[in-house]
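See below for the structure under consideration.
Bear in mind these aren't lab numbers, they're just calculated from the coordinates by the rules spelled out. Keep in mind that what you see is a predicted model, and the values were worked out from it rather than measured. Every residue, glycine as well, gets a Cβ built from its backbone with ideal geometry; the counts of neighbours run over all protein chains shown.
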Amino acid sequence: MASADVTLLNASYDVARDFYKDYNPLFQKYWKAKTGESVEVKQSHGGSSKQVRAVADGLEADVVTMNQSPDVDFLAEKGLVARDYTKKFPNNASPYTSTMVFIVRRGNPKGIHDWSDLGRSGIQVILPHPKTSGNGRYSYLGAWGYALRQPGGNDKTAQEFVGRVLKNAPLFAAGGRDATTTFMQRKLGDVLVSFESEAELIAREFGRGEFEVVYPSQSILAEFPVAIVDRVVDKKGTRRQAQAYLDYLWSKEGQENAAQNYQRPRDPEVLKKYAAQFPAIRTFTVDEVFGSWSKAFAAHFRDGGSFDQIYQVK
């Protein structure tokens, strides 16, 4: 855009590039028609935890659009984001949802059908680092929650199971897109654990004949909180535009864009319209299984938590 009236920076998670590449022109057209004002939207993408640390360290993002609440909570604790940010927008400030699925080689040669298969010997699992990537955390908690919900499941059996899964990971990717590159381009691994939406992005880039998508018997519900970075918008005078940019995610056009990018929209009518591309799957939430994101983060991802305990013995 040659001479934008306002510039916004959206700091987002790794695999959201295509979503916002499609969303930003929709918002720009809407805002221009409504106000006559031209808005340039710049994007910054990376592992979600790395992104919020960059914002905390001075990256002047007007908004953050993340894939897990602990990262936005981190900014709230720093005074950059409102502590009640989940009440500033509908649906706990998450405009769409997703879940974790398995992407396997064509023909599924290793016979991977459920979480239990990820812990089998001889299986290589590709996933991002659970301490720095929301994608990796959802994968880790999805495996833990699956094990907990099995007959006789408890924290001990869950930790043992997740330990087997992590032992099968030859490396940890930096983020979700890096994990996809590792699996699809470098041809490492038998299964990639990622968001449901990533499967469609892989199909667009690499072709549908190169892989298959496996839906496990149950999986974790992924939510994607958004927030205004108060300190930045107040400094730049962009609060009105930043608010509108996030509000528009809940518009019909925003929800259509979510569905077209294989995110499950919140709008019931839009979800129904695209029902064919979202197979039914039993999901559990972080709150249901772990009490809350803050409890899950403290127990599993803080220094000395269960991830460190498991990985030290890997």
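Give the long-range amide H neighbours of Thr7: residues separated by 5 or more places, or on another chain, with amide H under 5 Å away, using H modelled in the peptide plane at 1.01 Å from N.
Placed amide hydrogens put Glu40 under 5 Å from Thr7.
Give the separation of the Cα centroids, the stretch 295-314 to the stretch 210-255, in Å.
28
Which lysines have a Cα less than 20 Å from the Cα of Lys273, not counting those fewer than 8 places away in the same chain?
Candidates past the 8-residue exclusion: Lys252.
What angle do you read, to the nearest 10 degrees and between 0 and 90, between the alpha-carbon axis of helix 196-206 and the longest principal axis of the chain?
Helix 196-206 sits roughly 90 degrees off the main axis of the chain.
Once the dipole of the stretch 183-314 is set up with Lys and Arg at +1 and Asp and Glu at -1 on Cβ about the Cα centre, which of Val232, Tyr311, Pro265 lies farthest towards its positive end?
Of the options given, the answer is Val232.
Rounded to a whole number, what is D in µm²/s for the chain from Stokes-Einstein with the Kirkwood radius over alpha-carbon pairs (20 °C, 1.002 mPa s)? Each step should come with its number before you reach the end.
Values: Rh = 20.0 Å.
It diffuses with D of about 107 µm²/s by this estimate.
Restricting to bridges with both residues inside the chain, how much of the DSSP beta-bridge set is antiparallel, in percent to the nearest 5? Before the final figure, lay out the partial values.
On the way: 17 of 35 bridges.
Expressed as a percentage, antiparallel bridges in the chain total about 50.
If you line up the long axis of helix 17-35 against the longest principal axis of the chain, both from Cα atoms, how many degrees apart are they, to the nearest 10?
Taking Cα atoms only, the helix is inclined about 20 degrees.
Positive end of the dipole of the chain, charges at C-beta (+1 Lys, Arg; -1 Asp, Glu), about the Cα centre: which of Ala242, Ala16, Val6 has its Cα farthest in that direction?
Among Ala242, Ala16, Val6, the one farthest towards the positive end of the dipole of the chain is Ala16.
Could you work out which residue, out of Pro279, Pro70, Pro128, moves most in a Gaussian network model of the chain, that is, has the largest mean-square fluctuation with Cα springs under 10 Å?
Of the options given, Pro279 has the highest mean-square fluctuation.
Under 21 Å from the Cα of Lys78, which lysines turn up, not counting those fewer than eight places away in the same chain?
Lys50, Lys87, Lys88, Lys131, Lys235, Lys236, Lys295
Among Met184, Met100, which comes first, second and so on when ranked by fewest other beta-carbon atoms within 10 Å?
Details: Met184 19, Met100 27.
Ordered by Cβ neighbours within 10 Å, fewest first: Met184, Met100.
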